[in-house]
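Written below as structure tokens is the structure these notes are about.
The values are calculated or read from the model by the stated rules, or taken from the named source; none is laboratory data. These numbers come from a predicted model, not from an experiment. Glycine gets a Cβ as well: all are built from the backbone with ideal geometry, and neighbour counts include every protein chain shown.
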Amino acid sequence: MDIPNDHRYAINLNVRGIQPSATLRINELSNQLKAEGRDIIKLGLGQSPFPVPQRVVEALQHNAHEKDYLPVKGLKPLREAIAGYINRSERMRCSWEDVLIGPGSKELLFILQLAYYGDLLIPRPSWVSYAPQARIIGRSVHWLPTHAENNWQLTADELDIICRDDPSRPRILILNYPSNPTGCTYTDDQLLAIANVARKYRLILLSDEIYGEVQFDGRHKSIARYYPEGTIISTGMSKWLGAGGWRLGTFIFPPELRPLQDAMAIIASETYTATSAPIQYAAITAFNGGDDIDQYLHQSRRVLKVIGEFMHRRLTEMNVDVRKPEGAFYLFPDFGAYRDALEKQDIRTSADFCKRLLEDTGIAILPASDFGFPPDQPSARLAFVDFDGTEALKLAASDYADREPDDDFVRQAGPRLVNAMDKLEVWLKSL
Ligand code: PLP
């Protein structure tokens, strides 16, 4: 008798062949090598090194008993707190009804693409998950070119070129700044120019501002100021409050996009139902802010800035081409100057590069191919997060309260990062 097809393998074609999220994979490989006794410097996963501020932790403790399902769109006092937070920082006038809460902004990005039937436009390089999400849902992805000389920024002209072929096509443009993976951000003029093109083609502009609070100069601005009617601001608690594992993200919609927000809420109601209740109660404290949270952010920015600039300088001295970061905790170095030497070692792709670097030196970083580039692009993303964030914040607020953190600060606060740069230098020389 013929055995019928094995239905256990009837996996949705959109998911077949997709690897688990690249950042999580490198983290698992690093953990595995660590368990084998290797010293791994973890510059792969982009997790905040800082602790959750004490008052927010206490708020979570006080709300551990909250056990009821909450409204699908989120707890009203939290939605009010987030509207207040956006209005304070962006001088906007959004209302609590414009706010949608979800279990991480990643999940909200996914259900946005489920709810909206349009192509996804993303600059290359972009965060690892936008394109796989689109692929899982079956949406087309268009990568928009950017250039290192131009700080990897999308230009209004390049956006216009893509849109003008089919001007009325529904599209979502994702703009993420400060950027994962480059650490670069946009000037006001650049945001305004992009906003004008977005308006011309009536794009949905998803402004992923999850690193906005850790722009080093504290002057992040949302593009929603320039294209309020079409911009959804995406943020959360994962990057500026050190609470990635708490899983809370938020979208702030313009009233014009209420039908889209409602469609997302329908999907939410049939999938995750609502975001964890104790986390939502605790998040009210975070988004209401206060002097302690301002101080925490101020010190976080100082720490990230000095470390980012130190890493940038060290890499540049190694003849590696890299932009100076302006926010977040990433660098996107280009090892093209070593291409011939690498090829002699049979290292031809960024994935080979990262694997060999991990095996030879114990440094874990992510290949450019995970960020939308072809395999032979000789770049990688380095997340400078392998340091004790609690100690670094203490040091910044004590010994360095009245003076600029310097190389000595980096050596004290981030010895593993300094070690990574030393090891990388030796390895590149040895090629
Ligand atoms: N957007 C960017 C650019 C990110 O780097 C991340 C996390 O790494 C996310 C969104 C998702 O964050 P979360 O789901 O924790 O809110």
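Points worth noting:
- Any hit, the stretch 280-297, residues being closer than 20 Å to Leu114 by Cα and within 16 Å of the ligand (Cβ to nearest atom): no
- Evaluation of Arg356 against (1) surrounded by fewer than 23 Cβ atoms within 10 Å (Cβ to Cβ); (2) within 24 Å of the chain's Cα centre (by Cα) (one fails), failing number: (2)
- Residues satisfying the stated conditions in the stretch 196-221, i.e. part of a helix (DSSP H, G or I) and either farther than 23 Å from Lys106 by Cα or within 15 Å of the ligand (Cβ to nearest atom) (or both): Asn196, Val197, Arg199, Lys200, Gly212, Glu213, Val214
- Single unsatisfied condition, Asp165 versus (1) free of Cβ contacts under 8 Å to residues at least 12 places away in the same chain; (2) within 16 Å of the ligand (Cβ to nearest atom): (2)
- Taking the stretch 1-25 as the range and being at pLDDT below 70, within 30 Å of Phe373 (Cβ to Cβ) and among the hydrophobic types (A, V, I, L, M, F, W, C) as the test, the residues that pass are Ala22, Leu24.
- Hey, Ala351 closer than 26 Å to Leu120 by Cα, in a helix (DSSP H, G or I) and of a type in the set (A, V, I, L, M) or not: yes
- Subset of the stretch 222-246 (residues that are in contact with a strand residue (DSSP E or B) (Cβ under 9 Å, 6 or more places away or on another chain), more than 16 Å from the ligand (Cβ to nearest atom) and not hydrophobic (A, V, I, L, M, F, W, C)): Arg225, Tyr227, Gly230
- Residue match in the stretch 332-340 (condition: in a strand (DSSP E or B), hydrophobic (A, V, I, L, M, F, W, C) and not assigned by TED's automatic domain parsing to the domain that holds Thr235): no
- Each residue in the stretch 98-133 was checked for being in a helix (DSSP H, G or I) and within 14 Å of the ligand (Cβ to nearest atom), and 13 pass.
- Lone unmet requirement of (1) at pLDDT below 95; (2) surrounded by fewer than 19 Cβ atoms within 10 Å (Cβ to Cβ); (3) in a helix (DSSP H, G or I); (4) not basic (Lys, Arg) for Ser30: (2)
- Filter result for Leu120 (modelled with pLDDT of 95 or more, in contact with a Phe, Trp or Tyr (Cβ under 7 Å, 6 or more places away or on another chain) and buried (at least 18 other Cβ atoms within 10 Å of the Cβ)): yes
- Listed by first and then second residue, the pairs with beta-carbon distance under 8 Å, at least 6 apart or on different chains, first residue in the stretch 86-110 and over 16 Å from Gly245 (Cα atoms), second of a type in the set (Asp, Glu) and near the ligand (Cβ under 10 Å from one of its atoms), are Leu109/Asp208.
- Residues considered: Asp408, Asp399, Asp422. Of these, the only one that is more than 23 Å from Pro333 (Cβ to Cβ), in a helix (DSSP H, G or I) and either assigned by TED's automatic domain parsing to the domain that holds Ala134 or of a type outside the set (A, V, I, L, M, F, W, C) (or both) is Asp408.
- Residue count for the stretch 229-272, restricted to those that are of a type in the set (Gly, Ala, Ser), surrounded by fewer than 21 Cβ atoms within 10 Å (Cβ to Cβ) and under 26 Å from Gly289 (Cβ atoms): 2.
- Checking each residue in the stretch 73-115 for being among the aromatic types (Phe, Trp, Tyr) and under 22 Å from the mean Cα position of the chain (by Cα) picks out Tyr85, Phe110.
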